[in-house]
Each structure stands twice: as C-alpha cells, then as structure tokens.
Amino acid sequence: MQNPFKLTRRFAILGLLLTVAVSVASSFFLSRFMVRNLLRQDATVSRDFVQSVVEVQQAWEYFSGRRAGDTNLGEFFSRIAAMPHVVRTNVFSTERTIVWSSDPALIGRRFDRNPELEAALGGRLEVSLDDQKSKPEHVALDGEHPKYVVENYLPVRRNGEVIGVVEMYKSSRALFDSIDEGLQLIWLSGLGGGIFLYGVLVWVVLRAERIIRAQQASLVQHETLAALGTMASAVAHGIRNPLASIRSSAELNLDNESAPVREASEDIVDEVDRLERWVRDLLAYAVPEAGEPENVRVSQVLHDSLNAFEGVFAKRDIRVSSDALQSAAVVRGDHALLTQVFNCLLTNAMEAMPQGGELQLKTAPVGAGRLRVSISDTGHGFSASDLQNAFVPRRSTKRTGLGVGLPLSKRILERFGGSIELVSRATGGATVNVDLPIAR
C-alpha cells in the first residue's frame, strides 16, 4: 500500500528552510544597503562642506603642491581636519602625492595601488569601511581609535574638473550607534516577518489539506452512492414484485381462524415491510433527494411520524412521552423529507429497545434562530466506535442494518442548513439531537 502524501509535514520542513533562507538573505542585503546608504550620506555632507570651503577661500592652488611651505595652507586644511569626528585628514594632488596631512610624517609620500583614490580622482565619491591594517597608509593611525573607521575620499573640483582629493578618516560613535540600531531593527523585522509569513503559509496549507481530505471523502462518498445506486436498482427490480406477491398471500391468511396461521402471516408481513424499507432506503440514499425548502411546522411532522409507528410501539411495549406535539415552531425544510428523517430516527430507537422502553421527544430553541428536536430512548445506546462511524455509509451498528439511514438523514438535514448529533447517555440509552433553522 502506498503511503499517503503528507502535505503539511513536507511543507513545514521545506517552507521553514525557504523562509529562513529568504529572511536571512533579505535582512543581509537590506543591512548592507542601509549601512552603505548611511555612510555615503555622511560622506556627501562632508564633501559638500569641503567643496564650499574651498570655493569660499578660493584655495585652488593649495592642491597643486606648489605652495607646500605656505602657512595659509596649513591653517586652511587644519580647519578641515578640525571637523567633528575626523581622526585624520590627507590631501592628495592629482599626481597622487600627499600635499598636506594631519600627520606631518605622511606629507610628500605616495601610496600606490589605492583603487579608492583612483576612483575619487576620476570624480566619484568613495566610502570605505576597512580594517586599519588593510592598507599601507593606515599603519600610522592612532591605536586608541576604534578598530574600524570610515574612510572617505572626497573629490574637490574646479569648473567641473577634479583638482585633488581630501581623504578623511572618521570615527563617530553616534553614527555607529545608529548603524547598530538600524541593523538590529532590520534583523528583528526580518525575523518577525519570516515567522509571520511562515505561520500564514502553514495555516493556508493546513486549510488546503483539510479541503483536500474533505474532497477525497466526498469523492469516496460519491463512489459509494454510485455503487449503492447500481445495487438498489438491481434489488428494486429483482425482489419488489416477489415481495409484493408474498405480502399479498400473507394478508389473505390474516383472517384465518387458526391463531398460529395468523401469527405466522403477521410475521411474514412485518418482514416483507422491513425488506421494503431497506429497498426504499437504498433508493433514497442513491438518488438525490427532491424537494425545495419551505416553512414546515415541526409538531405536524412529528405527529405524522408518531402516527405511523403507533401500532408498532404499542405491540413492542414502547411508551412515548412528548411535549414536541404542542410546539408552534416553524422551521425551514421539506415536510416529506423531514418526515423520512424522523421515521428513520424512530425506527432506530424502536430497534434499540426490543424488550420495550420509553421514548421521549422534546423541542427547545438553541443558539440564534435554531430549534433542537431531541429524541431519547432507554435502549442499549452507542459505543465510542458506533458514535465515530454512525454517519459513515454502509457501516451499520445493527446486525441486520444497511448503514444508510443515518447518513441519509444527515444529508437531508444539511441540505436545509440543519445538523444532527448522537449522544450516548450515562444512564443508558441514547439521545439524537436534530437542529433546524427556524423560519423567519
């Protein structure tokens, strides 16, 4: 036998892996974007400030290196180096030589293989977050500063042409605190969003699996109905006429003077009627029931059903007590189909009390706009397995039953918006609760 496909279990594992992967990837790339954007925004502010100072002071020649001994040069760049959070400032000429530095030991030096400097000389604003030891010019940085600093390469222009680059090393605790808070928020949002998404998807899959199972059960039920329809047609054509002949012959002997003959004839008629009910149940369950919803008085339906069983109840010593016959409630349904439902329930109650007993019928409003009809007997009741399989077609709790009465009743009641419930009583017997929508 092939193992059933466990949709929920497989999705729970695969979906968890995919959700974690997507959450981590999105948080990672969003974090990088946020860090890069914050650092670049800070560098843009610094570049605009430096450019405005150069233009105001008209310090174009300072970037050529030809005025290295000019005292104004040192005062000018010292103002730039005094910007908040600046650790070091280097000024590069277009020949890639440091013409001024906050560290005098670096003035006049040239550092090759600096891609950020090359890009800045080409006119691009460059931002780098590197370890201090990753480049040769970082070796002289003060070790007391944080391990990671922001390195900004700020191109300086004159008439649109780059005339030099100001390299700034910035270490801002406030900036890094903002970055850390942003990263924490991004990862927490990614985690929360992943959990929420996973929960929603699992709920959708669980619901889909329930719908699939319900459709499978409905498919099995339709296949059962098809088989019952074929069988019912064969039974109806094969035994109904012989049953009618047998019953007619037995009825002729009901007026016989011999008591044993009359008693045997009555038994034959009862058995023929029981077989006829089997055939009717088969046909009723196999063929979709007809009838449109209408306003039906519950007391009239119960009155008709009890009248049909009056003689049988008296013969089997079954006492009936009912306050439902005085009910004025009107429900939505079909008189004939509801009568068929209660006939089935009364038959089950009667067969559960072969030695006689008591049958109670009660009505009471329940919930909003619903009426409950309760039928209680003092018979043998239901076991746990009986309650579980009571509405499964062809699984009868009776030795001579076909297992279609209760499933058919359930189908009829659900068609009109009603429901049915079986309850095994602790004091013995069982109760059947039928809920029907009250007509408005």
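Cβ-Cβ contacts under 8 Å between residues 6 or more apart (or on different chains), taken from a first residue in region 310-326 that is at negative phi and of a type in the set (Gly, Ala, Ser) to a second residue that is in a helix (DSSP H, G or I) and surrounded by 13 or more Cβ atoms within 10 Å (Cβ to Cβ), are listed as 322/302; 322/306; 324/298; 324/299; 324/302. Given the criteria modelled with pLDDT of 65 or more and either open to solvent by 50 Å² or more (accessible area, probe 1.4 Å) or touching a Ser or Thr at 6+ places or on another chain (Cβ under 8 Å) (or both), does residue 412 qualify? The answer is no for residue 412.
Restricting region 146-191 to residues that are part of a loop (DSSP other than H, G, I, E, B) and out of contact with any strand residue (DSSP E or B) (no Cβ under 7 Å at 6 or more places or on another chain), which is farthest from residue 62 (Cα to Cα)? That would be 146. Selection of region 61-74 for residues being modelled with pLDDT under 75 and either over 24 Å from residue 161 (Cα atoms) or surrounded by fewer than 19 Cβ atoms within 10 Å (Cβ to Cβ) (or both) yields 64, 66, 67, 68, 69, 70, 71, 72, 74. Does residue 188 fit the bill of being among the hydrophobic types (A, V, I, L, M, F, W, C) and free of Cβ contacts under 8 Å to residues at least 12 places away in the same chain? Answer is yes for this residue. Please tell me if residue 304 is of a type in the set (D, E, K, R) and exposed (fewer than 14 other Cβ atoms within 10 Å of the Cβ). Considered against the rule, which asks whether it is of a type in the set (D, E, K, R) and exposed (fewer than 14 other Cβ atoms within 10 Å of the Cβ), residue 304 comes out as no. If you check 173, 158 for being at pLDDT 85 or above and either open to solvent by 30 Å² or more (accessible area, probe 1.4 Å) or among the small types (Gly, Ala, Ser) (or both), only one passes: 158. Filtering region 314-328 to residues that are surrounded by fewer than 19 Cβ atoms within 10 Å (Cβ to Cβ) and either of a type outside the set (D, E, K, R) or assigned to a loop (DSSP other than H, G, I, E, B) (or both) leaves 314, 316, 317, 320, 321, 322, 323, 325, 326, 328.
Looking only at region 13-53, filter to residues that are closer than 19 Å to residue 198 by Cα and crowded, with 16+ Cβ neighbours inside 10 Å; which one of those is nearest to the chain's Cα centre (by Cα)? Filtering first and then ranking leaves 15. Scan region 86-123 residue by residue and report those that are part of a strand (DSSP E or B), free of Cβ contacts under 8 Å to residues at least 40 places away in the same chain and basic (Lys, Arg). Result: 110, single match. Among (1) within 30 Å of residue 189 (Cβ to Cβ); (2) modelled with pLDDT under 80, which single condition is residue 32 missing? So residue 32 meets the others, but not (2). Scanning region 78-92 for residues that are among the aliphatic types (A, V, I, L, M), at pLDDT 80 or above and closer than 15 Å to residue 165 by Cα gives a single hit, 91.
The values are calculated or read from the model by the stated rules, or taken from the named source; none is laboratory data. Everything numeric in this text was worked out from a predicted model, so none of it was measured. In this analysis, Cβ positions are derived from the backbone assuming ideal geometry, glycine residues included, and neighbour counts consider all displayed protein chains. Note: accessible area is taken over every heavy atom of the protein model, side chains too, but ligands, DNA and RNA are not part of it. Shrake-Rupley method; radii C 1.70, N 1.55, O 1.52, S 1.80 Å.
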